[in-house]
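A quick write-up on the structure given underneath.
The values are calculated or read from the model by the stated rules, or taken from the named source; none is laboratory data. Values in this document were obtained by computation on a predicted structure and should not be read as measured data. Cβ atoms come from the backbone with ideal geometry, glycine included; neighbour counts cover every protein chain shown.
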Amino acid sequence: MIDPNLVDLPLDQISDDQFKGLFNSYMEEKGVREQSVVQGRVILITDEWVTVDISYKAEGLIPTKEFRTPEGEITLKLGDLVDVYLDQMEEEDGQLVLSKEKADLMKAWDEISKAVEKDEVVKGVVTGRVKGGLSVDIGVKAFLPGSQVDLRPVKNLDKLIGETFDFKIIKFNKKRGNIVLSRRALLEQEREDKREETIQRLQIGAIMTGQIKNITDYGAFVDLGGIDGLLHITDMSWGRMAHPGEMFNVGDSVEVKVLKFDPETQRVSLGYKQIRPDPWEEAEYKYPVGSIVRGKVVSIADYGAFVELEDGIEGLIHISELTWNKRIKHPSKLLNVADEVEAKVLGVDVDNKRISLGRRQLEPNPWDLVEAQYPVGAVVTGKVRNITDFGVFVGIDEGIDGLVHISDMSWGSRIRHPGDKYKKGDDVEARVLSIDKENERFSLGVKQLSEDPWYTVHSRFYTGQIVGGKVVHRADFGFFVELEDGVEGLVHVSEMVSEGGDWKDLYPDGKDVQAQIIHIDARDRKISLSEKGATERSDDPEAFAQQQRSSSARLGDVMGNLKQKLGDKGQG
């Protein structure tokens with residue numbers, strides 16, 4: 001407090017100590033005291049020092065660098081009022097000890113203290129990376145833990161250096177100079193506020209705008225404002241897509257449609273393609289049956305190739321519709337993914353979203369020329385391309401194979417498997433038996449190249465004739481003897497010389513046998529033989545000779561009648 005007795009005394013009667021005490025009392029009454037912030041006026045600016053007058057008996061010097069901006073500029077002017085920290089009222093080398101930085105620091109701590117008391121938000125700049133988090137300048141140095149930076153862990157904290165954010169002070173100790181910040185707390189509160197607002201607007205069918213928050217193999221999560229929705233990969237595009245990253249990136253703004261919403265679990269299903277026209281609605285008109293279309297091969301399966309005609313519409317070229325050549329076993333022999341191809345529309349099923357395409361229809365059908373080039377009865381040649389249990393396929397022309405059935409390989413030879421007679425690559429000559437253009441079947445015969453021996457069997461064989469041959473087959477009722485190529489006769493068990501017991505061991509395949517013809521049925525291709533009859537004739541030579549003469553006579557009569565009939569037909 002100011003001593004009133006000293007105030008009225010002349011200055012020459014007041015000692016230096018009395019004057020100093022009087023002045024200090026005066027300054028204290030004005031709020032100016034040591035280690036406090038006071039206001040002064042700039043009276044001189046040099047490159048190194050700024051002189052400030054705080055209305056004391058001496059001025060104070062402050063380093064000019066304390067007034068420089070981060071860019072190194074000085075915006076201070078002579079006469080400006082500035083807040084400075086009065087460290088000591090005692091002069092140091094005749095000057096007061098002042099500090100601009102300490103003044104700023106004290107003011108900052110005061111403001112922060114007020115913000116803590118009022119639970120207010122503070123603004124700060126991220127200045128650097130420190131252990132466990134980031135250093136932030138909010139007027140004073142503060143610590144931002146890595147867990148409090150964002151709602152989700154941030155992998156690269158360095159990218160935030162230099163950024164300005166709002167923060168909430170979650171720990172404050174002025175004495176220790178310890179301040180801990182949180183940005184996450186503000187974001188969580190903001191998210192919760194947005195969530196409530198978003199839920200009010202969420203309803204099935206609503207069109208909303210959100211931001212891509214995360215991308216997975218099966219879809220993308222979209223932040224609609226405090227609540228996330230799943231945009232599944234199948235609801236992104238009407239077309240084929242391998243990964244959501246082909247369409248979207250994290251941070252993209254996207255307009256989506258609410259497909260499902262469960263208020264209890266707050267699960268939201270979103271659609272992107274649903275707010276765009278379904279291309280299948282006009283597919284039937286854009287791709288009529290019979291039209292020629294062009295597209296890109298997007299996938300190849302064992303059964304065919306898928307061709308993208310436009311985004312969202314694909315057609316299938318079945319392997320059977322790729323080429324007339326049926327020897328193609330896999331579509332990849334003709335097509336590759338990304339190939340541009342032309343095809344003909346064979347069918348459109350809008351309900352099931354299917355389009356059937358064909359490529360072979362763009363080329364002439366070789367079966368249209370088969371009947372003209374290879375009429376029934378014509379003799380053709382080709383190489384064996386495939387062998388099956390029932391016959392061999394012979395390549396006649398590009399895309400045209402003919403089947404020689406096992407039954408049409410020989411008139412008489414018993415063929416157990418076509419592979420016993422033919423190998424792949426063998427040259428084959430055959431006669432055209434039939435053509436089924438609709439089912440694309442071409443029947444050939446090798447035995448038909450020669451005359452059926454049964455047509456003229458009576459010209460070579462007659463009842464009572466003694467014939468010889470080899471055993472070619474055995475059955476429970478007898479064995480068969482090959483009389484000539486294509487003609488066999490049966491020796492029944494009852495006509496065997498060695499009947500009874502295990503007779504099969506006595507007549508192995510290849511054994512030479514003599515037998516008498518006892519019956520001929522050319523229509524049913526049967527000749528009955530008797531081994532006993534041949535044996536009896538050999539025992540009575542005269543009877544055998546008589547029998548031979550009688551049979552020859554009958555054969556002559558038969559041939560005469562046959563010639564007579566042929567002659568009558570010729571005259572007619």
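Part of a strand (DSSP E or B), within 18 Å of V428 (Cα to Cα), touching a residue at least 24 places away in the same chain (Cβ under 8 Å) and in contact with an Asp or Glu (Cβ under 8 Å, 6 or more places away or on another chain) - does that describe any residue in region 352-372? Taking every residue of region 352-372 in turn, none turns out to be part of a strand (DSSP E or B), within 18 Å of V428 (Cα to Cα), touching a residue at least 24 places away in the same chain (Cβ under 8 Å) and in contact with an Asp or Glu (Cβ under 8 Å, 6 or more places away or on another chain). The C-beta contact set for region 305-323 (first residue more than 27 Å from N439 (Cα to Cα), second residue basic (K, R), distance under 6 angstrom, 6+ apart or interchain) comprises E308/K296.
Can you pull out the residues in region 255-293 that are aromatic (F, W, Y) and assigned to a strand (DSSP E or B)? Hit for region 255-293 is F261, nothing else. Of the strands (runs of 3 or more DSSP E) lying entirely inside region 421-529, those carrying at least 2 residues that are closer than 30 Å to K326 by Cβ are 427-436, 441-445. Within region 111-139, the set of residues being among the hydroxyl-bearing types (S, T, Y) and on the phi > 0 side of the Ramachandran plot is empty. Of the residues making up region 436-453, those that are over 14 Å from G382 (Cβ atoms) and within 44 Å of the chain's Cα centre (by Cα) number 6.
Residue-by-condition table, conditions (1) touching a strand residue (DSSP E or B) at 6+ places or on another chain (Cβ under 7 Å); (2) hydroxyl-bearing (S, T, Y):
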{"site": "D420", "(1), (2)": "no, no"}
{"site": "D427", "(1), (2)": "yes, no"}
{"site": "L433", "(1), (2)": "yes, no"}
{"site": "D436", "(1), (2)": "no, no"}
{"site": "E440", "(1), (2)": "no, no"}
{"site": "Q448", "(1), (2)": "yes, no"}
{"site": "S459", "(1), (2)": "no, yes"}
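Inside region 151-186, residues that are touching a residue at least 24 places away in the same chain (Cβ under 8 Å), touching a helix residue (DSSP H, G or I) at 6+ places or on another chain (Cβ under 8 Å) and over 17 Å from D119 (Cα atoms) make up a count of 2. The set of residues in region 420-441 being surrounded by fewer than 16 Cβ atoms within 10 Å (Cβ to Cβ) and either under 26 Å from W367 (Cα atoms) or modelled with pLDDT under 90 (or both) consists of D420, K424, G425, D426, D427, E429, S434, D436, K437, E438, N439, R441.
Residues in region 373-388 that are within 11 Å of V428 (Cα to Cα) and among the β-branched types (V, I, T): V379, V380, T381, V384.
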